[in-house]
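Colleague: My questions will all concern the structure given below.
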Amino acid sequence: MPAIFPLPPPMKRALALARGAANAGEVPIGAVVVKDGIIIGEGENRNRRDNDPTAHAEIVAIRAAAARLGDFRLTGCDLYVTLEPCPMCAGAIAHARIDRLYYGASDEKGGGVEQGARVFARPQCHHRPEIYTGLAERESAELLKDFFAGRR
């Protein structure tokens, strides 16, 4: 039997944000940016509410963290997100210089990290975070599955 480890508080918060997004009619994805163990930015999908195609959870969290730090470079920061970032968000992660990326479910259809575009594997990518996958994978995938099942 594999060891069971407690879920880190930032991932618990990302899951709570994803549930909030679902309750607002948004695709349930949540993200938090952490520096020195403190959440400095958080976001949930806001595309529909904001009429903004760039308002993905990761972008919202990165913008909040950059505003809080007063710097667009988020070196020394980690990003926790419930779903594999899309290519747009992976590009933003690279530009922000996020140190570590933790995500839950893989996204075979729209992912940009291990699926699809594989942004960080491209020679044009100027910064590559450390990547940790599968954190709260089951919970993250179930949120998405339940959300889309309810819309069909």
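The values are calculated or read from the model by the stated rules, or taken from the named source; none is laboratory data. A quick note: this is a predicted structure, and the numbers were derived from the prediction, not measured. Using ideal geometry, Cβ is built from the backbone for each residue, glycine included, and neighbour counts are taken over all protein chains shown. What goes into the accessible areas is simple: the full protein's heavy atoms, side chains included, and nothing from ligands, DNA or RNA. Shrake-Rupley method; radii C 1.70, N 1.55, O 1.52, S 1.80 Å.
Colleague: Sort Asp36, Asp146, Asp50 by accessible area with a 1.4 Å probe, largest first.
Modeller: Asp36, Asp146, Asp50
Colleague: Continuing with this model, one more query. For the residue pair Tyr132 and Arg151, what label-to-label distance in nm results when each label sits 7 Å from Cα along the Cα-to-beta-carbon direction?
Modeller: Taking the two extended label points, one gets 3.0 nm.
Colleague: Got a number for carbon plus sulfur as a percent of segment 39-152's accessible area, 1.4 Å probe? Write down the numbers at each step before the final one.
Modeller: Numbers: 2850 of 5980 Å².
Solvent-exposed carbon and sulfur of segment 39-152 make up 48 percent of the total.
Colleague: Further question: Hey, what's the Cα Rg ratio for segment 69-133 versus the globular rule of thumb, 2.2 N^0.38 Å?
Modeller: Working: Rg = 11.0 Å, N = 65, 2.2 N^0.38 = 10.7 Å.
In units of the globular-protein estimate, segment 69-133 measures up at 1.03.
Colleague: Of Tyr103, Tyr80, which has the most accessible area and how do the rest follow, probe 1.4 Å? Write out the running numbers ahead of the final one.
Modeller: Details: Tyr103 0, Tyr80 25 Å².
Putting Tyr103, Tyr80 in descending order of accessible area: Tyr80, Tyr103.
Colleague: Report the one residue of Phe5, Leu144, Ala92 whose Cα lies farthest in the direction of the positive end of the charge dipole of the chain (charges on C-beta: Lys and Arg +1, Asp and Glu -1; origin at the Cα centre).
Modeller: Ala92
Colleague: If you don't mind, another one. How far apart, in nm, are the 7 Å Cα→Cβ label points at Arg122 and Ile38?
Modeller: 3.5 nm
Colleague: Another question, then. How high is the relative contact order of the chain, in percent, counting Cα pairs under 8 Å that sit 6 or more residues apart?
Modeller: Working: 337 pairs, mean separation 29.0, N = 152.
Once divided by the residue count of the chain, the mean separation gives 19 percent.
Colleague: Still on this structure, I have one more. Write down the accessible area per residue of segment 8-152 in Å², having rolled a 1.4 Å probe over the full set of protein chains.
Modeller: On the way: 7200 Å² over 145 residues.
Normalised by residue count, the accessible surface of segment 8-152 is 50 Å².
Colleague: Something else now. Between Asp71 and Asp50, what is 0.36 nm times their sequence separation minus the Cα-Cα distance? Round to one decimal in nm. Numbers along the way, then the final one.
Modeller: Numbers: separation 21, 0.36 × 21 = 7.56 nm, distance 2.39 nm.
Using 0.36 nm per residue and subtracting the Cα-Cα distance, I get 5.2 nm.
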